[in-house]
Number of protein chains: 2
Amino acid sequence: MTGVTVRVLGIDPGSSRTGYGVLEQGGEQPRLLASGVIGSGRQGLPQRLARIFQGVQEVIGKYQPQVLALEEVFHAKNAKSALVLGQARGVVLLAAGLAGVEVCEYAPRRIKQTVAGSGGADKRQVQRMLEAWLGRAPQQLDASDAVAVALCHLHWAGRLEVVAT
Amino acid sequence: MTGVTVRVLGIDPGSSRTGYGVLEQGGEQPRLLASGVIGSGRQGLPQRLARIFQGVQEVIGKYQPQVLALEEVFHAKNAKSALVLGQARGVVLLAAGLAGVEVCEYAPRRIKQTVAGSGGADKRQVQRMLEAWLGRAPQQLDASDAVAVALCHLHWAGRLEVVAT
């Protein structure tokens, strides 16, 4: 582990709510710098996508992460929900691309396995383990999912030994 | 039909090639102002989405359309292809949203029915009918699909009687 400080932005994209969490790691312990949910409002789709895009741009601008981490999508429920998720995901990836932020993707099971010790862990279990790792965890599940993927990245990038054994 | 000039930008989004076509209608006959394909290159996904986004922004900036028209997606082949299409579609819709351009969607069958007289028309038939309506049609199929949805919009917005009977 090096002493260089790393900042990673975890994102959990959604068409109505996009969770985010920013972790920083310089020394041994990662710190939760910020987390929250970007709401897309109830306007038309182009305006909702603009809210997500601008929200993510704002967080990138404020915290200057080197990496944006998000869930890899293997199996969507169906083609309709995959399309809707894809649209939100597209503008998140775009915000990263325009800002020159590297994107890393992790399979959902790997995230849960890394953070909570089991690929089948539920959202509440993940949240409790985040509290254990970080001292606190966001109460909103979209935000804690985003923090989980950021923490997973710190582990797999060799920054942190978090795998629960 | 009014004498006000309308410009509509048709878009056929894709992860590697995004077709576009700009139609203008002032008098009786619509005019094809521009058409082409925005290639996304072979870089990583965030960079490819940035190319699509910037390409669409450029066309919007140059031609100032009032409306962006695109295919409605009901049935994607599968969840994987729906996700990929959704990501490209998301950045196209975003470009419209940020520019304040209205978005109109049309079902694929309605586009073919309107332009070529049959909901089951193939891409070549659509292309030939575009030549008949506009005097010329783009040779690239992604671009001619984009022009077709723009022409469909002119019809359904009451600007043009194009239904083949």
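Any read-out appearing in this document is the output of simple, stated calculations on the displayed coordinates, not a laboratory observation. Since we're looking at a predicted model, the values are computed, not measured. Every residue, glycine as well, gets a Cβ built from its backbone with ideal geometry; the counts of neighbours run over all protein chains shown.
Would you mind calculating the relative contact order of region B:6-164 from Cα pairs under 8 angstrom and at least 6 residues apart, reporting the percent as a whole number?
31
Pick from A:ARG109, A:ARG42, A:ARG136 the residue whose mean-square fluctuation is largest in a GNM of chain A, springs joining Cα atoms under 10 Å.
Looking only at A:ARG109, A:ARG42, A:ARG136, the biggest GNM fluctuation is shown by A:ARG42.
Compute the projected area of the convex hull of the Cα atoms of region B:1-74, averaged over all viewing directions, and report it in nm² to one decimal place.
It is 5.8 nm².
Can you give me the C-alpha center-to-center distance between region A:10-50 and region B:9-49, rounded to a whole angstrom?
Cα centroid to Cα centroid, the span is 31 Å.
Provide, for q = 0.12 Å⁻¹, the log10 of I(q)/I(0) from a solvent-free Debye sum over equal Cα point scatterers in region B:28-155.
Log-scaled intensity ratios, in q order: -0.47.
Shielding of A:92-103 by partners, i.e. mean partner chain Cβ atoms within 10 Å per residue?
If you average over the peptide's residues, the count of other-chain Cβ atoms is 6.
Show me the three semi-axes of the equivalent ellipsoid for the protein assembly as shown, from the C-alpha gyration tensor (sqrt of 5 times each eigenvalue), largest first, rounded to whole Å.
Whole-Å semi-axes of the equivalent ellipsoid: 44, 18, 16.
Select from A:LEU151, A:LEU85, A:LEU130 the residue whose mean-square fluctuation is largest in a Gaussian network model of chain A (Cα-Cα springs shorter than 10 Å).
In this elastic network of chain A, the residue with the biggest mean-square fluctuation among A:LEU151, A:LEU85, A:LEU130 is A:LEU85.
Any idea what angle helix A:123-134 forms with the longest principal axis of chain A, computed on alpha-carbon atoms, 0 to 90 degrees, nearest 10?
For helix A:123-134, the angle is close to 50 degrees.
Within chain A, what's the longest stretch lacking GluC sites (Glu not before Pro) that sit in DSSP loops with no more than 16 other Cβ atoms inside 10 Å?
A:73-160
Give the angle, between 0 and 90 degrees and rounded to the nearest 10, that separates the Cα long axis of helix B:141-156 from the longest principal axis of the Cα atoms of chain B.
50
Could you state the angle between the C-alpha long axis of helix A:79-99 and the longest principal axis of the C-alpha atoms of chain A, as a value from 0 to 90 degrees rounded to the nearest 10?
70
How many Cβ atoms of partner chains, on average, are near each residue of A:64-75 if near means within 10 Å of its Cβ?
Going residue by residue through A:64-75 and averaging, the value is 1.
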